[in-house]
1. What average number of partner chain Cβ atoms lie no more than 10 Å from the Cβ of the residues making up B:351-361?
2. Work through the residues other than residue C:11 whose Cβ is under 11 Å from its Cβ and net out their charges, Lys, Arg +1 and Asp, Glu -1.
3. Report the rotationally averaged projected area of the range A:129-191 based on its alpha-carbon convex hull, in square nanometres.
4. How big is the range A:38-100 by Rg and Dmax over its Cα atoms, in Å?
5. Just need the relative contact order of the range B:376-532 here, percent rounded to a whole number, with Cα pairs under 8 Å and 6+ apart.
6. Magnitude of the Cβ-charge dipole of chain A, K/R +1 and D/E -1, about the Cα centre, nearest 20 debye?
7. Can you give the alpha-carbon Rg of the range B:26-504 over 2.2 N^0.38 Å, where N counts its residues?
8. Choose one of D:237, D:163, D:219: the residue whose Cα lies farthest towards the positive end of the charge dipole of the range D:135-282 (beta-carbon charges +1 Lys, Arg; -1 Asp, Glu; about the Cα centre).
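Any read-out appearing in this document is the output of simple, stated calculations on the displayed coordinates, not a laboratory observation. Everything quoted here is computed from the prediction, not taken from an experiment. Because the Cβ atoms are built from the backbone with ideal geometry, glycine has one as well, and the counts that use them run over all protein chains shown.
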Amino acid sequence: MSELDSKFIKHEVAHHFESAEQEFDTAKLGMWTFLGQELLFFSALFVAYAVFRFLYPAMFLEAHRHLSVNMGFLNTIVLLISSFTMAMAIRSAQVSNKKHTFIYLLVTLVCAGMFMVVKYMEYMEKFHHGLLPGRWFTGEGTSEVLHIFFGLYFCLTGLHGIHVLIGMGLIIWLLIRTQKGEFYSEYYTPVEMVGLYWHLVDLVWIFLFPLLYLVG
Amino acid sequence: MEHEVDKRSFYEVKKGFMSWAITLDHKRIGIMYLVSVLIGFGLGGLFALALRLELITPDKLFMADKMYNQSFTLHGAIMVFLFIIPSIPASFGNFMLPLMLGAKDVAFPRLNLASFHIFLLGAAFLVLSIFLGAVDTGWTFYAPYSLHTDTSVVCAVFGAFIMGFSSILTGVNFIATIHSLRPPGMTWFRMPLFVWALYSTSILQVLATPVLGITLLLLMVERVMNIGIFDPSLGGDPVLFEHFFWFYSHPAVYIMILPAMGVMSELVTTFCRRNIFGYKYIAYSSIAIAVISFLVWGHHLFVSGQSDFASMLFSLLTFLVAIPSAIKIFNWIATMYKGSIDAKSPFLYFVAFILLFCIGGFTGIVLGSLSLDVNLHDTYFVVAHFHYTMMGGVLMAFLGAVHYWWPKMIGKMYNELLAKIACFLIVIGFNVVFFPQFLMGAKGMPRRYHVYDPEFHVYHVISTVGSWILAVGFIMVLYYLIQSLRNGEKAPDNPWGSLTLEWKTTSPPILENFESTPSVTCGPYEYKGSPS
Amino acid sequence: MSEHYVVPVKTYVKTLLTLIFLTFVTVKIAEFDFGSLNVAVALFVAMIKATVVALFFMGLKWDKGFNAVILITSLIFMAIFFLLTLGDIETRAQTDKVEAMRFGINSPVNIIGEGHSESHSKKH
Amino acid sequence: MNQKADSLVDKGGVWFSEPISTYAAQSDSLFYFILILSIIMFFAIGFVMFWFMIKYKRTEERPEADGQLIHSNFLEISWTVIPTILCLFVFYWGYKDFLTMSIPPVDAMEIRVTGQKWFWEFETADNGLKTTGEFAVPVNTPVKLIMTSKDVIHSLFVPNFRMKRDVVPNRYTRVWFEAEKTGSYKLFCTEYCGDAHSKMLATVHVLSDEDYEKWVDKNLSSDSVPLDVIGKKVFDVKCSICHSTDGSKKVGPTWKGLFGSKRVFEDGTSLVADDDYIKESINEPSAKIVSGYKGIPMTSFLGSVSDREIDGLIEYMKTLK
């Protein structure tokens, strides 16, 4: 530990916990509970998706052709890689490798940024074709309820995008704290928590990709 | 690492505005919630009195149509979001949960403070909406009406959306606290039943509230952008909104009632000096209620155009949720057997709860039956039913909790005689207000009617007069509690002779709750003579 | 806290490769038409991917059992939400379609409020 | 046919109004069954509770409990199983009656119902008779209502028939009834639908076969009625909730002196109210919004007011100086 002392800021266990172990487990339990909440939060949109898919199957078939599979695929891969680097960042913190933690977090952040750039390009392309959300929708199509698909599309990807942005904010916060040397083998709770959150964001996308882009 | 324990009460350790605004102490946060929900209750109550006054004549008295509609919406929204949902879990839950577990604080104190601030922010939006053209949709915000009315739907809905997060985070916090911070020796089945009730409430808060959040978010998006999910003129389905809304709002009534039931378990054991009858049944029934409550939301949609198959399914499941509630009531009554019953004011609220909640429950059976619901849906019968469960249930438990824990939280006693008189007034006033509503509802008086058929006049007059009796009762409670605050007699540490851990510390508790972490060797209610 | 299991890098790399492989699979099988099973097949692959993420990246494989219980509970309640809502929509629409054919419905609804929805009303 | 509707309160028992439809009495009997069970249970619980409170009152001599009975499987099982059986029985009974209420007989007479803020329109399928605010049916004949809404969700409720169903836009819902007794019965809207929700009422006339024929004839032959009389009639049922004739401001502008006056609109333009303007205001209310009435959307009456009725309304409006 003495060697680590110079590099890292020692973590104080909060007064109402007995041990660092208990503190870590509690935080993780809380985070998982929060993730359960996130799942239900997204689920209503998926239910809406299922309902309208059932009501207007032909419209969905037509609508998904407006989306670019390549862009969706690219984004899936980008997010998977970011999940991997996030997991590696946690691992590096576990073994007190400050430099690697920092680099992996940075790569995760870059991937998240790439995801948002691709998303931005996709949105621009949709806007260009008049496939705007709701009242601004001027897209051409044979189905008269085509706007509903894009209503759902923008809600789902928009909400997911907001989660990515929040995740990016959290990763930046982690980067700063990593730089200060706050995370090491004895204390890396925030990295672990943000990691769990980030994987959930990935998980949601794993479902969004086939449902929106692939299955007509 | 031993350190000197500060023996002053948590009020005295620090003073000033900031010592409250940014405190991490669960006790202070609990007190702040208590004050907030009481303000919410007062505000909602004023709307209720105004509504009842308006209805004393069949025609317009002093409110225009729109103003009446706005008033009942605000009465509902404020009572639900600002009072009933946070009432017991956020105020007493926050204050008592760590004390009952013998812990120093909740698991995430900073998150706890954040929940409170989020709650205030949401409340601010809801109150702000009153001034921006008060919302007139009914607290259920049904689409498509809410999509087209010119009142401040977005502002009010945004307020409710934000408060939802406060509720979720409190739930997360409590679940983590109950899992991780139990002291040595306190196994799951040695926890007080109020803690079990809070645990099942938290499950509901975490799993149901997000659906409300996304529903309200979609409603806002729909209103601003017309994306066509709920708006039938754009191909959407308004009944889908009802499904989404009630997926939360039905479990929400159990978010309200479960902690109330937890309070009942505490009251009955303390004032009967009896170990609880059927501890495990009561604990499991809390969890059962939490789970089944997710399966019954469709009983709000029996006449909405939901398919008959779905109605049948939801009706069947609805009857199942009645069973665990019945089990609890029977167990509480059985707990009184051979007890040593001291009918102090908190116990009177227990009695009031049982009587009123039974009426609410029985009429719930009536409304759960498909054929009867067709006739009674959206009439005053429903209004009376949910006031019997929510007001007769939750509010009685809330008042019971206030009277029971007041000495612990404030450190002062109140005037017992006035408390008893107020309790009688409230129960009588309550019945005068709401019982006639059963009758007129069954006769066909629809709810949310500003002007009504003169043949219902007499029922409404009785109801309005009752609301004044009720108001006098509440003012009395407020009076003697303020009197107690100012010059009440100092409360002993354990005025009722309870056995749960919160009574083992001083009144009011010290900053760190206990001088040393208590260790637990037996169940929470092992009064003298308990079988070991 | 040093006693936490540190996952070997190799496991993470394998996980990533599996996921990328499965993504290719998703895209490829979407090109085949399984008829009404299209969604089911796509969701099946997505679920495998989700499970892999949860087990390895999120560490459920090595974690305390209760966290998995939370996840599964949430999924169960999601399923309830799906099944009961769709249970209504699916059994309801049939009656509606019958009625619609008999009465020749074509949107009996007028758009309420300001004329911001011309684009839709045109199509009706 | 302006006979007064039957009282809901004076006729019938303490709880319900007089049952008129074929399934009403049957559904009420389930209520009375639950009521009797509830009263028994309520008094049993209350009695035991107060008895315990008196018997086991805490006294100086007896500060502690006499015994600590905390467990009895027999009791727990019995008060779980018995309520469950009762509940399932009640469920089955309610479900059976509900199916009777939901499934109309095949030969039922059809009436199409349209709800719009804030009135009801009825059109009898057989003879094309259109009425607003009231409709008539022959006694002892099954009648099916096929309902839809033009704007928001409404709900059609006739207490005497124990009949209620939401009226949803862009969808059709249906109910049916067979009235067993002649008379006029009240019809309410029970799904909150805005400012004048409580004024969205109608009357159902149940008539003997001869009276029904007469009623149909009288209402079908409205062509010979003078225009302003038609206008007054349409105004009373469709317009009077939001517009006054005496100059007072309601949800919408008053009609007094409206025709021929200068109208100033939200966008600053103005116009003298002529026939075309009135017609446009009825069919496309949002095209020109009079200053001060923004945000109170009037639903379009396109299709629900015939051209002849519009002419009638204009003639009627001219009389309001």
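1. 2
2. Here the count lands on +4.
3. Averaged projected area of the range A:129-191's Cα convex hull equals 6.2 nm².
4. In order Rg, Dmax, the Cα atoms of the range A:38-100 give 18.6, 55 Å.
5. Relative contact order, the range B:376-532: 33 percent.
6. 480
7. 0.94
8. D:163
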